[in-house]
Every structure is written in structure tokens, then in C-alpha cells.
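Enquirer: Dumping the structure here so I can ask a few things about it.
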Amino acid sequence: MKPYEKLLLHNKAWAAEQIDRDPEYFSRLAEIQTPEFLWIGCSDSRVPANEITNTAPGEIFVHRNIANLVVGNDINLLSVLQYAVQVLKVKHIIVCGHYGCGGVKASMGESDLGTVNQWLENIRVTHRKYRIELDAMEDMRARADRLSELNVMAQVENLAKTTIVTRAWEEEVRPTLHGWIYRLSDGILRQIIKIPAPQDR
């Protein structure tokens, strides 16, 4: 059996299990989604939003990319953001990074990674901004972990500058922006920055 065929078999087993537990599960899920959260996370396969927050399908609207970046000219992210804010009316947007992020580590090196290098330049901007603090850390793992935190903070600040968010803040008291970091070694999420709508500050 080929590896991808196992995924299809696992899907069938999962679907049957859901129906055994709750015969109306899929008919209910097929109705319109009303999530309270937009999750902007890393593409890393070890950081699945629903599993690490113990939430069911339909509770979190998800966008993922390498190193959980919020880039002003990324039409993919902006489309997700616009839909989440203007149509789904999410109350919270979470940017979630993680320690041990391959994208963050790669941004600290000089390797030629082709197209990925252009994407990682967005992290290198943050790296340059905090170079003195980061260079003072001798342990490379600790340095990468700190850059992961700083990257999350920078992306939340980028999010706060988008016209989609600023317009929503002007019209309604939402969404609240959160920056979280996930530790792979213990499975714990930690909030490192929170920016509410101006009226709530």
C-alpha cells in the first residue's frame, strides 16, 4: 500500500468513527461556519491549530505559511484576513509561532534557499532590528527561540497596520489581536502580545 493510500483509509475510518459517536456530525458541519477565531500559524506539520487547542472543525478559521508571517503584499493572507474579518466577523485573530521553527532558523543563516529567501527576508528585518539583543546570546537555540518570539510580535504589529483590521476597529470593537508561541517539547501555548481594539484599551 502506498503512503497516500493510507491517508484515504484513515479518512474513512475517521469519518465512520465520527458518525458512530454523533450521527448528525457531518450534516451539522456542512452548515455555515461561524468561528470566533482566525489562526495565522506556521506550516510546520507539528503545529496543527485544532489539535493543540483541542477545538473541533468549524471553531477556528486557519491560514498557515512558513514562519507565520503577515506580509502586506501577500494576497493569499489578505484574502483570508478580509473574509475572516468582514464576512465571518471573527472576534480574535491569533498569530501563532513556535520554538524550533525551521523558517526562523533558516533566516539566521546565509544559505541560498531560492524563493524561500525572499519570504524569509521578512524575518531578517526583525533580526536586524534586534541584532544587538540577539547577538548577545551565545546559545544558538536560545537565540532562535527569542527570534521566534520577536517574529510573532512583529507579525501581530503588521496585522494591526492592515487596512482590514484598522477599518474593523473603526466600525466595531473587534477583533482583538493575539501573539502566541508554542513549545513543541511540552505542547504548551503562551501569549506574548495582545492588542485589543482601540476602544478597549
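Enquirer: Which of the following residues is touching a residue at least 40 places away in the same chain (Cβ under 8 Å) and among the hydrophobic types (A, V, I, L, M, F, W, C): ILE188, ILE164, ILE195, ILE132?
Expert: Testing whether each residue is touching a residue at least 40 places away in the same chain (Cβ under 8 Å) and among the hydrophobic types (A, V, I, L, M, F, W, C) leaves just ILE164.
Enquirer: Could you check, for the stretch 121-138, whether at least one of its residues is more than 30 Å from ALA30 (Cα to Cα), more than 15 Å from the chain's Cα centre (by Cα) and among the hydroxyl-bearing types (Ser, Thr, Tyr)?
Expert: Within the stretch 121-138, one or more residues are more than 30 Å from ALA30 (Cα to Cα), more than 15 Å from the chain's Cα centre (by Cα) and among the hydroxyl-bearing types (Ser, Thr, Tyr).
Enquirer: Within the group ALA154, ALA142, ALA160, which residue is modelled with pLDDT of 95 or more and more than 23 Å from ASN73 (Cα to Cα)?
Expert: Exactly one of ALA154, ALA142, ALA160 is modelled with pLDDT of 95 or more and more than 23 Å from ASN73 (Cα to Cα), namely ALA142.
Enquirer: Moving to a separate point now. Please state which one of GLY41, GLY97, GLY58 is small (Gly, Ala, Ser) and assigned to a loop (DSSP other than H, G, I, E, B). Explain how you work it out, then say what you get.
Expert: Values: GLY41 fails: assigned to a loop (DSSP other than H, G, I, E, B); GLY97 fails: assigned to a loop (DSSP other than H, G, I, E, B).
Step by step, each of GLY41, GLY97, GLY58 is checked, and only GLY58 is small (Gly, Ala, Ser) and assigned to a loop (DSSP other than H, G, I, E, B).
Enquirer: Next up: Of the residues LEU189, LEU147, LEU113, LEU134, which single one is aliphatic (A, V, I, L, M), modelled with pLDDT of 95 or more, under 15 Å from ALA67 (Cβ atoms) and in contact with a helix residue (DSSP H, G or I) (Cβ under 8 Å, 6 or more places away or on another chain)?
Expert: LEU147
Enquirer: Which one of ALA56, ALA67 is surrounded by 15 or more Cβ atoms within 10 Å (Cβ to Cβ) and small (Gly, Ala, Ser)?
Expert: ALA67
Enquirer: Separate question: Hey, does the stretch 182-196 have a residue that's among the hydrophobic types (A, V, I, L, M, F, W, C), part of a helix (DSSP H, G or I) and under 15 Å from the mean Cα position of the chain (by Cα)?
Expert: No - not one qualifying residue is present in the stretch 182-196.
Enquirer: Looking at the stretch 74-106, which of its residues are touching a helix residue (DSSP H, G or I) at 6+ places or on another chain (Cβ under 8 Å), surrounded by fewer than 21 Cβ atoms within 10 Å (Cβ to Cβ) and small (Gly, Ala, Ser)?
Expert: GLY100, ALA106
Enquirer: Does the stretch 120-136 contain any residue that is in contact with a His (Cβ under 8 Å, 6 or more places away or on another chain) and in the same structural domain as ALA67 (by TED's automatic domain parsing)?
Expert: Within the stretch 120-136, one or more residues are in contact with a His (Cβ under 8 Å, 6 or more places away or on another chain) and in the same structural domain as ALA67 (by TED's automatic domain parsing).
Enquirer: Kindly list the number of the only condition in (1) of a type in the set (Ser, Thr, Tyr); (2) surrounded by 19 or more Cβ atoms within 10 Å (Cβ to Cβ); (3) farther than 24 Å from GLU133 by Cβ that fails for TYR182.
Expert: (3)
The values are calculated or read from the model by the stated rules, or taken from the named source; none is laboratory data. Predicted, not measured: the structure shown is a model, and the values here were computed from it. Positions of Cβ are generated from backbone atoms using ideal geometry, with glycine treated the same way; all protein chains shown enter the neighbour counts.
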